[in-house]
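First the structure, in the form of structure tokens, and then the observations on it.
The values are calculated or read from the model by the stated rules, or taken from the named source; none is laboratory data. Keep in mind that this is a model prediction, so the values were computed, not measured. Neighbour counts run over all protein chains shown; Cβ positions are idealised from the backbone, glycine included. What goes into the accessible areas is simple: the full protein's heavy atoms, side chains included, and nothing from ligands, DNA or RNA. Shrake-Rupley method; radii C 1.70, N 1.55, O 1.52, S 1.80 Å.
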Amino acid sequence: MFEGEAGDPGRRMIKTRGTIDATWVRCLVALTAELFSVWLTNTALYPQYIGILPGARDAASFVGVVTLVVLAVWALKKPSSINESALTAGSFVLYSAGFALIVLGIARQSAPLLLAGACVRSAGSRWVVVLMGIALCKLDKRACMLCIASAFVASYLLRLPYLGADVTLDMATLFLLPFAMYAASRSLALDMLSVIRQAVPPVETSITQPASFVPFAHGLFVAIFIFRIAYGFALTFGSIDGNPQQTFFSLIPIVILLAMALLPKVPKADVLYQAAALFVVGGFLVAVVLVGRAPGDMVFALGLLYAGSECFDALMWFVLASIGARNKVNALAVFAWGRAASSAGLLCGATVGHAVNVAPDSLAVSVGIAAVLFVFVAMNFTVLKPFGFQTTIDGVQSVEPVAVTTASMGLSEKSAAVAARYRLTPRETELLELLAHGRNGPFIQEKLVLSRNTVKTHVANIYGKLGVHSQQELIDLVEQADA
């Protein structure tokens, strides 16, 4: 074999390392553009809404949530119909039109134009964010964490020349960032979309392979919603002319992330969750103590809230990317739903922050902050108590095609023997035989004339009685059984 041939191990290693590096850099550029875009939106765009129509921000957030929910349900039920080119073209048309309407609305001080532009821009930008998210699924655990930490560093460095910059520069940069994000992540996202579009819809595969999917009602999305309430509150509470108070505490998540990524063994994701919760609780407590003081005195409280929120923001990107990497088929639905939960929490937090800002006296402000803190702590001690981020990631199994081998004894007889041994009901016995033959959810629904939910319930009961977590484990158990 000559040096440089495709079969040369050294050559293959170099080629693989080069591919990983290129993937990492693309993800870094795309995520940096997204993080910087969020900051620029909050500090340069939204403050211009204050004198015209402050509610345009909340309306845009609501439209963004609806758009993400539609994308999530679409990816869950009919991913084969997702056309990336058409969706991207439509998204950029909406985004550009919305941005133009915003500029026109600000120039003319027109509330209707501003409202229309804010909503259209929000709807048009969400698809590109989801594409960037699924591109992160191409990275392994350590590379992903390091990429997220580096993106936070890069986004903070980019802020420096924009502090006090001309509004024209701010707006021009803000307009171009989604295009940069798309250019960096497109090729990676297309690889993921190819897998998603060719697979059986997740809503059907989840019937026979439930351990491969994170349902929309999972504690992960509840946690995202709750923590983003804290961020929305921090953005609006104590803001000056619509501008969030800036603080150096936001650098804390960078230090934690870099430390986690560079340790010999990457710590569990829950470390970030614990840090985020401590910062958020501390921020709310300090805010209660400092109520009634000068706005500048609130910087410490808001700094803790920002630090906790951005710790969780980094955790959210990492967890969603890790889940998507383990089950590529469901990556688009998970990212869209996760971002929807994030935007919904942000909207709720901002609403509470606005309400506290207009409270008539310091006592009312203290009561409002204390109520938010109580809800936050109560949810963590009840709903989220049994939940773990690392456990959720590790519990997701990749979707693999089931394999049925030829055994000396027929599967029907073996299925009957297993059904008798584990005391399955007659209906569960019917489903067991079909599952053992590798049949999927839609086939079982049609064969037995059952609804999807009924089949899903029966399959969950069968898996529970047999002590298996996937269809392949069930098949292996049946094939090894004696009649």
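So the values come out like this:
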| quantity | calculated |
| --- | --- |
| Close pairs from the range 108-119: first without any contact (Cβ under 8 Å) to a residue 24 or more places away in the chain and surrounded by 21 or more Cβ atoms within 10 Å (Cβ to Cβ), partner aromatic (Phe, Trp, Tyr) and not in a helix (DSSP H, G or I), Cβ under 9 Å, at least 6 apart | none |
| Selection within the range 45-74 - in contact with a strand residue (DSSP E or B) (Cβ under 9 Å, 6 or more places away or on another chain) and open to solvent by less than 20 Å² (accessible area, probe 1.4 Å) | none |
| Of all residues making up the range 141-162, the number that are charged (D, E, K, R) and under 17 Å from the mean Cα position of the chain (by Cα) | 1 |
| Qualifying residues in the range 67-99 (those that are touching a helix residue (DSSP H, G or I) at 6+ places or on another chain (Cβ under 7 Å) and hydroxyl-bearing (Ser, Thr, Tyr)) - the one farthest from Arg121 (Cα to Cα) | Ser80 |
| Leu131 under 17 Å from the mean Cα position of the chain (by Cα), assigned to a helix (DSSP H, G or I) and either surrounded by 19 or more Cβ atoms within 10 Å (Cβ to Cβ) or not hydroxyl-bearing (Ser, Thr, Tyr) (or both) | yes |
| Candidate set: the range 438-454, residues that are assigned to a loop (DSSP other than H, G, I, E, B) and open to solvent by 80 Å² or more (accessible area, probe 1.4 Å); chosen: the one nearest to Ser470 (Cα to Cα) | Arg439 |
| Complete set of residues in the range 336-381 that are among the charged types (D, E, K, R) and either surrounded by 14 or more Cβ atoms within 10 Å (Cβ to Cβ) or in contact with a Phe, Trp or Tyr (Cβ under 6 Å, 6 or more places away or on another chain) (or both) | Arg339 |
| Residue within the range 140-147 that is open to solvent by 50 Å² or more (accessible area, probe 1.4 Å), in contact with a Lys or Arg (Cβ under 9 Å, 6 or more places away or on another chain), in contact (Cβ under 8 Å) with a residue 40 or more places away in the chain and part of a helix (DSSP H, G or I) present | no |
| Residue that is modelled with the lowest pLDDT [pool: residues in the range 228-255 that are among the polar types (S, T, N, Q) and in a loop (DSSP other than H, G, I, E, B)] | Gln245 |
| Some residue of the range 274-284 being within 23 Å of Thr391 (Cβ to Cβ), of a type outside the set (Ser, Thr, Tyr) and open to solvent by less than 10 Å² (accessible area, probe 1.4 Å) | yes |
| Test set (1) part of a loop (DSSP other than H, G, I, E, B); (2) at pLDDT 85 or above - Leu384 fails condition number | (2) |
| Identity of the residue in the range 209-227, in a loop (DSSP other than H, G, I, E, B) and under 21 Å from Ile196 (Cβ atoms), that ends up modelled with the lowest pLDDT | Gln209 |
| Residues (surrounded by 18 or more Cβ atoms within 10 Å (Cβ to Cβ), in a loop (DSSP other than H, G, I, E, B) and either touching a strand residue (DSSP E or B) at 6+ places or on another chain (Cβ under 8 Å) or at pLDDT 80 or above (or both)) located in the range 389-434 | Val396, Leu424 |
| Where a residue in the range 381-399 is under 26 Å from Gly438 (Cβ atoms) and its partner, wherever it lies, is hydrophobic (A, V, I, L, M, F, W, C) and open to solvent by less than 20 Å² (accessible area, probe 1.4 Å), with Cβ under 6 Å and at least six apart | Val396/Ile323; Val399/Val329 |
| Helices (runs of 4 or more DSSP H) within the range 1-117 that include 3 or more residues basic (Lys, Arg) and at pLDDT below 90 | 9-40 |
| Arg186 surrounded by fewer than 23 Cβ atoms within 10 Å (Cβ to Cβ), of a type in the set (Lys, Arg) and either closer than 24 Å to Pro253 by Cα or touching a residue at least 24 places away in the same chain (Cβ under 8 Å) (or both) | yes |
| Residue, farthest from Val255 (Cα to Cα), within the range 297-332, restricted to residues that are among the β-branched types (Val, Ile, Thr) and open to solvent by 10 Å² or more (accessible area, probe 1.4 Å) | Val329 |
| Qualifying residue in the range 176-183 (condition: surrounded by 16 or more Cβ atoms within 10 Å (Cβ to Cβ), outside any helix (DSSP H, G or I) and either touching a Cys at 6+ places or on another chain (Cβ under 8 Å) or among the aromatic types (Phe, Trp, Tyr) (or both)) | no |
| Residue within the range 255-273 that is buried (at least 17 other Cβ atoms within 10 Å of the Cβ) and closer than 24 Å to Ser362 by Cβ present | no |
